[in-house]
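The values are calculated or read from the model by the stated rules, or taken from the named source; none is laboratory data. The structure presented is a predicted model; accordingly, all values stated were derived computationally and were not measured. Counting neighbours? That spans all protein chains shown, and the Cβs are built from the backbone with ideal geometry, glycine included.
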Amino acid sequence: MLKRAVTLVLTAAMALVFAGCNTDTTEATASIYTTATESLMSLNEDGKKAVSKYMELLKSNKAAIQSVEKVFDTATCGIYDINSDGIPEIYFFAAPDASAYSATFYVYSYDKVKDGVVKQIEIPNIMYLSGGGCEYAVFTSPVALLISRSSGTSDTVTETIVYDMYFIKNGSYKLTQSHDTGTEMMVNKYYVNGNAADQVTYDERVTVHIDQATMVLAHNIQVKSEEEASPLLSKPMAKIMNYENMLSYLIKIS
């Protein structure tokens, strides 16, 4: 179980398992979810062009996406206007090779000038089968897209990567936990943008992003025990689907 030092990132994310049935806990979060859903049902011309291109993109990655669904028994595809420009982005998990021992997370946007899709983000090994697997949460704020993941068993690395609304990486927060065999204690080390930091600084930086979170796009966190209350518990959850359902949904809104 992850120690208290990571609770502000992944313990918060652990609460997300309840978020899918808790999207209307406040008027504000209910409004955000309703707006996000309805906006996809009334796409403008550029939005419809984007959806058409996303259908082609999904079809070209069908085998890789469905491999992840089969091996990891999970939904894989989502669509959401991450940067609030009126044109939704599509995101999905796909296997890098036929073995499907791991999954890569992708975010694509639509380029109006080129009338084509652009790969904005690629996070390899966001899920994998060996070495204790990997827990992750992907969520947005009004000014950022964040991807938080934790990997390992006795030795753990928790990393939160921050992207701006142009999908440019502009921040990262990392916690490493290693087992000291001499003292039988866990040794925690904190990093902010690649530089060593103390726990207070690390916690403060991560807390700001969690407080500002507006939509959870995807996660695979399982609650292991009772934990402190998390602001993410009341955040809305975007719909994530398997390949076939996403394809049908894109046809419906195109």
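Look at (1) more than 22 Å from Glu244 (Cα to Cα); (2) in contact (Cβ under 8 Å) with a residue 40 or more places away in the chain; (3) surrounded by fewer than 16 Cβ atoms within 10 Å (Cβ to Cβ); (4) of a type in the set (S, T, N, Q) and you find that Gln177 fails only one, number (3). For segment 152-174, indicate whether the set of residues that are modelled with pLDDT of 85 or more and among the small types (Gly, Ala, Ser) is non-empty. Yes, the conditions are met somewhere in segment 152-174. Being β-branched (Val, Ile, Thr) and farther than 21 Å from Tyr54 by Cα holds for only one residue in Ile82, Ile87, Ile121, Ile126, and it is Ile126.
When the residues of segment 175-195 are filtered to those that are within 25 Å of the chain's Cα centre (by Cα) and β-branched (Val, Ile, Thr), the one that is modelled with the lowest pLDDT is Thr176. Look through segment 111-131, keep the residues that are over 19 Å from the mean Cα position of the chain (by Cα) and not acidic (Asp, Glu), and return whichever of them is nearest to Met215 (Cα to Cα). Result: Val117.
Kindly provide the set of residues from segment 50-101 that are in a loop (DSSP other than H, G, I, E, B), over 21 Å from Asn125 (Cα atoms) and among the aliphatic types (A, V, I, L, M), ordered by number.
Step one: of segment 50-101, the residues in a loop (DSSP other than H, G, I, E, B) are 61, 73-76, 81-88, 95-101.
Filter again for over 21 Å from Asn125 (Cα atoms), leaving 81-88.
Of everything in segment 50-101, those that are in a loop (DSSP other than H, G, I, E, B), over 21 Å from Asn125 (Cα atoms) and among the aliphatic types (A, V, I, L, M) turn out to be Ile82, Ile87.
Screening Val51 on (1) surrounded by 15 or more Cβ atoms within 10 Å (Cβ to Cβ); (2) modelled with pLDDT of 95 or more; (3) farther than 23 Å from Glu244 by Cβ; (4) of a type in the set (A, V, I, L, M) shows it passes everything except condition (3).
The residue pairs whose first member lies in segment 240-252 and is touching a residue at least 12 places away in the same chain (Cβ under 8 Å), whose second member is in a helix (DSSP H, G or I) and of a type in the set (Val, Ile, Thr), and whose beta carbons are closer than 6 Å, counting only pairs six or more residues apart or on different chains, are Tyr243/Ile65; Leu250/Val51. Taken over segment 160-174, the criterion of being in a strand (DSSP E or B) and either in contact (Cβ under 8 Å) with a residue 40 or more places away in the chain or charged (D, E, K, R) (or both) is satisfied by Thr160, Val162, Tyr163, Lys169, Tyr173, Lys174. Within segment 62-84, restricting attention to residues that are surrounded by fewer than 17 Cβ atoms within 10 Å (Cβ to Cβ) and in contact with a helix residue (DSSP H, G or I) (Cβ under 9 Å, 6 or more places away or on another chain), the residue that is modelled with the lowest pLDDT is Thr74. Residue count for segment 102-126, restricted to those that are part of a strand (DSSP E or B) and either surrounded by 17 or more Cβ atoms within 10 Å (Cβ to Cβ) or touching a residue at least 24 places away in the same chain (Cβ under 8 Å) (or both): 17.
Which residues, taken from segment 85-99, are over 26 Å from Ser141 (Cα atoms) and crowded, with 21+ Cβ neighbours inside 10 Å?
Keep residues of segment 85-99 that are over 26 Å from Ser141 (Cα atoms), which gives 95-99.
Answer for segment 85-99, where residues must be over 26 Å from Ser141 (Cα atoms) and crowded, with 21+ Cβ neighbours inside 10 Å: just Ala95.
Of all residues in segment 99-128, those being over 15 Å from Asp46 (Cβ atoms), out of contact with any helix residue (DSSP H, G or I) (no Cβ under 7 Å at 6 or more places or on another chain) and of a type outside the set (Ser, Thr, Tyr) number 10. If you go through segment 191-218 and keep only what is in contact (Cβ under 8 Å) with a residue 60 or more places away in the chain and touching a helix residue (DSSP H, G or I) at 6+ places or on another chain (Cβ under 7 Å), you end up with Gln199, Asp203, Val206, Thr207, Ile210, Ala213, Thr214, Met215, Val216.
Run down Leu217, Leu146 and say which single residue is crowded, with 17+ Cβ neighbours inside 10 Å, modelled with pLDDT under 90 and assigned to a strand (DSSP E or B).
Numbers: Leu217 fails: modelled with pLDDT under 90.
Being crowded, with 17+ Cβ neighbours inside 10 Å, modelled with pLDDT under 90 and assigned to a strand (DSSP E or B) holds for just one of Leu217, Leu146, which is Leu146.
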